[in-house]
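Trainee: My structure is below; once you've seen it, I'll send some questions.
The values are calculated or read from the model by the stated rules, or taken from the named source; none is laboratory data. Quick caveat: nothing in here was measured; it's all calculated off a predicted structure. Using ideal geometry, Cβ is built from the backbone for each residue, glycine included, and neighbour counts are taken over all protein chains shown.
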Number of protein chains: 4
Amino acid sequence: MALIEENDLILIVHEGNRYLKKLEPKKNFHSKRGTLDFASLVGLPYGIRQKKFEVFQPTIEDVIMYGLRRETQIVYPKDGCYICFKLSLKHGDRVIEVGTGSGALTLLFSRAVGSAGTVVSFEKEERHQKNARKNIERFAALSNIDLRLADVSECDETEFDAAFVDVREPWYVMEKVWSALKPSGSLGMIVPTTNQVSDALRGIEPFFGDVEVLEILVRKYKTVAERLRPDDRMVAHTGYLIFGRKVTEHVTG
Amino acid sequence: MALIEENDLILIVHEGNRYLKKLEPKKNFHSKRGTLDFASLVGLPYGIRQKKFEVFQPTIEDVIMYGLRRETQIVYPKDGCYICFKLSLKHGDRVIEVGTGSGALTLLFSRAVGSAGTVVSFEKEERHQKNARKNIERFAALSNIDLRLADVSECDETEFDAAFVDVREPWYVMEKVWSALKPSGSLGMIVPTTNQVSDALRGIEPFFGDVEVLEILVRKYKTVAERLRPDDRMVAHTGYLIFGRKVTEHVTG
Amino acid sequence: MALIEENDLILIVHEGNRYLKKLEPKKNFHSKRGTLDFASLVGLPYGIRQKKFEVFQPTIEDVIMYGLRRETQIVYPKDGCYICFKLSLKHGDRVIEVGTGSGALTLLFSRAVGSAGTVVSFEKEERHQKNARKNIERFAALSNIDLRLADVSECDETEFDAAFVDVREPWYVMEKVWSALKPSGSLGMIVPTTNQVSDALRGIEPFFGDVEVLEILVRKYKTVAERLRPDDRMVAHTGYLIFGRKVTEHVTG
Amino acid sequence: MALIEENDLILIVHEGNRYLKKLEPKKNFHSKRGTLDFASLVGLPYGIRQKKFEVFQPTIEDVIMYGLRRETQIVYPKDGCYICFKLSLKHGDRVIEVGTGSGALTLLFSRAVGSAGTVVSFEKEERHQKNARKNIERFAALSNIDLRLADVSECDETEFDAAFVDVREPWYVMEKVWSALKPSGSLGMIVPTTNQVSDALRGIEPFFGDVEVLEILVRKYKTVAERLRPDDRMVAHTGYLIFGRKVTEHVTG
């Protein structure tokens, strides 16, 4: 049973907000409504409700939402988990990511393919890669992640199970990504604008089949049993997701 | 490289529709627009485009959407993949499912926890369990799935990493599920109506913290670059998802 | 008090569906669940519940949804009522419509500007105009509607209070519509694709300010108090609405 | 042609925001990006673009969104215009409103029924009614609006064309509203929570037919042609709309 230890990363839930904090006993957690005494937590099991505070072991979602330093627009968990699903990622898979960004999706991929799998992630901007590396090292192991400071054109591996592209002009790397994938392997992309979706559709068509374009919307509710209602505002747009599967033209007879 | 073999389960994409078929060489695939000759496919790698047909290796999504026999309302992949994510499932986890239903979510859980993990799934209706068993055996191995024809009250294991409840009145099993979970362990539920959400919120409150209620909406687009637009109609509702984390009241001295 | 008369147009609500019918006493209304005897209705006030049938006086919505013959994609009431609102239509206004289509929006405009107002509606396709005329004559008066079989370029009136454009390439008529409007007058457009929205934005910019692009989504619920939940499916897309207000560049000395 | 005059209410659009201001020549409009000189506007026609500022004649939407003093949650225009439509309001109609609130919907009703119609609006809270009266007097005439400081139970008029109820427990006034309406007359309600929807459905059933429950969602887009995309966030909930039509049980034979 996991007990709370000094310097653990803990998730505090208080008045409807979440805080990811390092448990440094001298620091405590202060709000207008009271103080959560850190020293008193040490040695207790996780999952505590104490006055208006709750303390949990952080999940991967907590880490991505509240722990990462964002130098780029991150891929949000709502999109990230759907991407992992559409790429059919499983323990042991090899996945190629074009555009490491801040590493949010890299973490999800790493977790999905597990210790027996590999994530090879290309990033051209040194500054972004540095930030992603710090983010990953802080919250996970780099053991199955291979960060490359390079253009994906330099990739000479093949037979990847799946690929994901998060760059401004994904259409320029379609052929390269096609080559890197196994037959029937899955491709995903994310772009923020409809103009990019149109361009991406033109670029993907010769190389990938079963193409889909979609958006994921999460509508949250206030959790009051007697007055159930949606939140007043919601995230209305993060990006358009595009998926396809590697295809080879086969001319009969 | 995976080659197409006789009796493989294949995914055919044709005129915007998907078909999950067993490749029985004598059967072929006929539509108004032409015929896909099955015998000609044998020995080719997956990922083929041949006239108006595309042939892929089925993914877990294809299996759930087009392969399962549904005796109950299934948990749709859009919800299922978010559930796996919120339950923080990873290789090696032990998860308890209350309500096997048709086994769609059981398959996703099995895949997420992998060979080192376990899914213990309770179902009271023999007919449903039988159907779920057939579905699972057809598309996966039962090796990490433990189907139990019993009420969850009979469960005497504890220390599960995560729990999911898909029954009509989930509030009755909250205490039991709480006992079965590790401290800080994640719980999920799905219910179709707002009345059930209110009741579930009343039931979950003493046992679980950081409670969330939400819906996942997927908006799909027609994939024509020059005429990009959303589909005319969409799935507007499958169920409300409810999540929480096991909590223990901790009274400070 | 309106009483039901022979040959009235009536709205029948039965088993969750709506039917717009002419009350011809010899015809009756038959369904699997029973028969509504038309002769028995004559002389009763509207608003009747009789076994599983309800009978109402049709509203403008009923007429548009169930009464019009559609030779073109109609502007749906959910969009139409928002358009009337954004165009600030009121009793006595003069509005110009480019693209009569099937006349659905023309009917709404006619109703909004009332007997003291005017709707001038241009349509280039004779077939569409003919159909629109029939639709309008069947359900309303043409007294404040001026249908023109012509290109809007032939319009020589000015000082319209508001304008609406529903043609494939609305950007070509922006300057003309600008000339036809009063200063500060409102313009609306509807287009189905994102590509058209981009083109329309390029076309509207020099002539109109305060530009908005939006979609109206209506999410309907099953009306069962004990099992409240959204409908399983919904209309996900009809069109993108674009609005602006006539603007003149004013260079300060 | 409307010219800008001193003390006019004007709408300023600047950097994507809207401001409803009284044109007091000595005041001007200041932002980080510059100053709009009010005196220079006097005598110009409305609909001006001058550097980064645009100036328009305010519409009813501008007045409701930016002009009203809100002592209660107002009915938003997106809901208000749909309500007017579902109530089939037209020039000359008599409509009864239960719950004046801040008067936003009252203004829309007044505009829809015009000078030949009447809006009778009941409000029990003197403070709200006072505020509504100020709001209405500031932006419109009270000529067709009859504000009553009373419970709707005191209403002794009948034969209203339509009714709208915006109070916490609308189910208590169903019978009264039924009596006040013409046969087949339309009823609307707005409530914020699902619990209220369930209660309202129980209350409405004996008195009204053709019942509908729905939500209106408006999804807005950034208006950049080359980078078209939805706004990052949106209003996710204002209220559930409930509609019905007055019905009388008619027993045959």
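Trainee: Looking at A:TYR240 and the list (1) crowded, with 20+ Cβ neighbours inside 10 Å; (2) more than 20 Å from the chain's Cα centre (by Cα); (3) touching a residue at least 40 places away in the same chain (Cβ under 8 Å), which single condition is not satisfied?
Mentor: With respect to (1) crowded, with 20+ Cβ neighbours inside 10 Å; (2) more than 20 Å from the chain's Cα centre (by Cα); (3) touching a residue at least 40 places away in the same chain (Cβ under 8 Å), A:TYR240 is out only on (2).
Trainee: Residues to consider are D:ASP156, D:ASP161, D:ASP151; find the one that is of a type in the set (Asp, Glu), in contact with a Lys or Arg (Cβ under 7 Å, 6 or more places away or on another chain) and free of Cβ contacts under 8 Å to residues at least 60 places away in the same chain.
Mentor: None of the other options fit; the residue is D:ASP151.
Trainee: Give me a count of the residues in region C:233-248 that are farther than 20 Å from D:PHE53 by Cα and small (Gly, Ala, Ser).
Mentor: Within region C:233-248, residues that are farther than 20 Å from D:PHE53 by Cα and small (Gly, Ala, Ser) number 2.
Trainee: Picking from D:SER184, D:SER153, D:SER179, which residue would you name as being more than 25 Å from D:PRO77 (Cα to Cα), modelled with pLDDT of 95 or more and crowded, with 22+ Cβ neighbours inside 10 Å?
Mentor: On the way: D:SER153 fails: crowded, with 22+ Cβ neighbours inside 10 Å; D:SER179 fails: crowded, with 22+ Cβ neighbours inside 10 Å.
Only one candidate passes the filter, namely D:SER184.
Trainee: Go through (1) more than 17 Å from A:LYS22 (Cβ to Cβ); (2) surrounded by fewer than 20 Cβ atoms within 10 Å (Cβ to Cβ); (3) at the interface with another protein chain (Cβ under 7 Å from one of its Cβ atoms) and name the single condition A:SER40 misses.
Mentor: Unmet for A:SER40, out of (1) more than 17 Å from A:LYS22 (Cβ to Cβ); (2) surrounded by fewer than 20 Cβ atoms within 10 Å (Cβ to Cβ); (3) at the interface with another protein chain (Cβ under 7 Å from one of its Cβ atoms): (1).
Trainee: Further question: Could you say whether any residue in region A:20-32 is within 12 Å of another protein chain (Cβ to nearest Cβ) and either closer than 28 Å to A:ALA112 by Cβ or not basic (Lys, Arg) (or both)?
Mentor: no
Trainee: Here's a check for you: in region C:60-95, which residue that is within 10 Å of chain D (Cβ to nearest Cβ) and among the hydroxyl-bearing types (Ser, Thr, Tyr) is farthest from D:ALA116 (Cα to Cα)?
Mentor: That would be C:TYR82.
Trainee: Whether any residue in region B:135-143 is closer than 28 Å to B:VAL213 by Cα and crowded, with 21+ Cβ neighbours inside 10 Å is what I want to check.
Mentor: no
Trainee: Give me a count of the residues in region A:183-199 that are over 23 Å from the mean Cα position of the chain (by Cα) and either more than 11 Å from chain B (Cβ to nearest Cβ) or closer than 19 Å to A:PHE85 by Cβ (or both).
Mentor: 1
Trainee: Next question. Filter region B:60-107 down to residues that are part of a loop (DSSP other than H, G, I, E, B) and of a type in the set (Asp, Glu) and give me whichever is surrounded by the fewest Cβ atoms within 10 Å (Cβ to Cβ).
Mentor: B:GLU71
Trainee: Counting just the residues of region D:222-238 that are under 19 Å from A:VAL197 (Cα atoms) and of a type in the set (A, V, I, L, M, F, W, C), which one comes out farthest from the other protein chains (Cβ to nearest Cβ)?
Mentor: Going through the qualifying residues, I end up with D:VAL224.
Trainee: Go over the candidates B:ARG168, B:ARG202 one by one and state the one that is among the basic types (Lys, Arg) and away from chain A (no Cβ under 11 Å). Working first, answer last.
Mentor: Details: B:ARG202 fails: away from chain A (no Cβ under 11 Å).
On inspection, the qualifying residue turns out to be B:ARG168.
Trainee: Kindly list the number of the only condition in (1) on the phi < 0 side of the Ramachandran plot; (2) under 15 Å from the mean Cα position of the chain (by Cα); (3) not aromatic (Phe, Trp, Tyr) that fails for C:ASP93.
Mentor: (2)
Trainee: Right, next: Here are some residues: C:GLN50, C:GLN57. Which one is within 8 Å of chain D (Cβ to nearest Cβ), more than 21 Å from D:PHE160 (Cβ to Cβ) and surrounded by 18 or more Cβ atoms within 10 Å (Cβ to Cβ)?
Mentor: C:GLN50
Trainee: Please give the number of the condition B:ILE4 fails out of (1) surrounded by fewer than 16 Cβ atoms within 10 Å (Cβ to Cβ); (2) touching a residue at least 12 places away in the same chain (Cβ under 8 Å).
Mentor: Only one criterion in (1) surrounded by fewer than 16 Cβ atoms within 10 Å (Cβ to Cβ); (2) touching a residue at least 12 places away in the same chain (Cβ under 8 Å) is unmet by B:ILE4, namely (1).
Trainee: Something else: Search region C:19-31 for residues being basic (Lys, Arg) and either touching a Ser or Thr at 6+ places or on another chain (Cβ under 9 Å) or modelled with pLDDT of 90 or more (or both), and hand back the single one that is surrounded by the most Cβ atoms within 10 Å (Cβ to Cβ).
Mentor: Let us first name the residues in region C:19-31 that are basic (Lys, Arg), namely C:21-22, C:26-27.
Retained after the next criterion (residues that are either touching a Ser or Thr at 6+ places or on another chain (Cβ under 9 Å) or modelled with pLDDT of 90 or more (or both)): C:21-22.
Numbers: C:LYS21: 19, C:LYS22: 11.
Taking the candidates together, the pick is C:LYS21.
Trainee: Only one of C:ARG229, C:ARG245 is surrounded by 16 or more Cβ atoms within 10 Å (Cβ to Cβ), of a type outside the set (Ser, Thr, Tyr) and over 26 Å from C:VAL165 (Cα atoms). Can you tell me which?
Mentor: Numbers: C:ARG245 fails: over 26 Å from C:VAL165 (Cα atoms).
The match here is C:ARG229.
Trainee: Same structure, new question: Being of a type in the set (A, V, I, L, M) and either closer than 30 Å to B:LYS182 by Cβ or not in a strand (DSSP E or B) (or both) is the filter here; which residues of region B:222-242 pass it?
Mentor: B:VAL224, B:ALA225, B:LEU228, B:ALA236, B:LEU241, B:ILE242, listed by residue number.
Trainee: Could you please find all residues in region D:141-165 being within 17 Å of the chain's Cα centre (by Cα) and closer than 13 Å to D:GLY101 by Cα?
Mentor: Once the filter is applied, which keeps residues that are within 17 Å of the chain's Cα centre (by Cα) and closer than 13 Å to D:GLY101 by Cα, region D:141-165 yields D:LEU147, D:PHE164, D:VAL165.
Trainee: Within the bounds of region D:174-194, is there any residue that is assigned to a helix (DSSP H, G or I), more than 22 Å from C:MET234 (Cα to Cα) and touching a helix residue (DSSP H, G or I) at 6+ places or on another chain (Cβ under 6 Å)?
Mentor: Kept after step one, since they are assigned to a helix (DSSP H, G or I), are these residues of region D:174-194: D:174-180, D:194.
With the extra rule that they be more than 22 Å from C:MET234 (Cα to Cα), the set shrinks to D:174-180.
Those still in the list that are touching a helix residue (DSSP H, G or I) at 6+ places or on another chain (Cβ under 6 Å) too: D:174, D:176.
Looking through region D:174-194, at least one residue is assigned to a helix (DSSP H, G or I), more than 22 Å from C:MET234 (Cα to Cα) and touching a helix residue (DSSP H, G or I) at 6+ places or on another chain (Cβ under 6 Å).
Trainee: Mind listing just one residue for me: the one in region B:166-176 that is surrounded by 18 or more Cβ atoms within 10 Å (Cβ to Cβ) and within 20 Å of the chain's Cα centre (by Cα) and, of those, nearest to B:ILE74 (Cα to Cα)?
Mentor: Restricting to residues being surrounded by 18 or more Cβ atoms within 10 Å (Cβ to Cβ) and within 20 Å of the chain's Cα centre (by Cα), the top hit is B:ASP166.
Trainee: Filter region B:195-222 down to residues that are touching a strand residue (DSSP E or B) at 6+ places or on another chain (Cβ under 6 Å), without any contact (Cβ under 8 Å) to a residue 12 or more places away in the chain and surrounded by fewer than 20 Cβ atoms within 10 Å (Cβ to Cβ), then give me how many there are.
Mentor: 1
Trainee: Looking for whichever is more than 30 Å from C:ASN17 (Cβ to Cβ), at pLDDT below 95 and of a type in the set (A, V, I, L, M) here; the options are C:VAL251, C:VAL165. Which one fits? Give the steps one after another, and end with the answer.
Mentor: On the way: C:VAL165 fails: at pLDDT below 95.
Criteria check complete, one pass: C:VAL251.
Trainee: For region B:85-107, which positions are touching a Cys at 6+ places or on another chain (Cβ under 8 Å) and touching a residue at least 12 places away in the same chain (Cβ under 8 Å)?
Mentor: If the condition is that a residue be touching a Cys at 6+ places or on another chain (Cβ under 8 Å) and touching a residue at least 12 places away in the same chain (Cβ under 8 Å), then B:ILE96 is the only one that fits.
Trainee: Looking for whichever is more than 10 Å from every other protein chain (Cβ to nearest Cβ) and in a strand (DSSP E or B) here; the options are D:ARG219, D:ARG148, D:ARG245. Which one fits? Show your work before the answer.
Mentor: Numbers: D:ARG219 fails: more than 10 Å from every other protein chain (Cβ to nearest Cβ); D:ARG245 fails: more than 10 Å from every other protein chain (Cβ to nearest Cβ).
Within the list D:ARG219, D:ARG148, D:ARG245, the selection yields D:ARG148.
Trainee: Looking at region A:108-140, which of its residues are touching a residue at least 24 places away in the same chain (Cβ under 8 Å), in a loop (DSSP other than H, G, I, E, B) and more than 15 Å from the chain's Cα centre (by Cα)?
Mentor: A:SER115, A:ALA116, A:GLY117, A:LYS124
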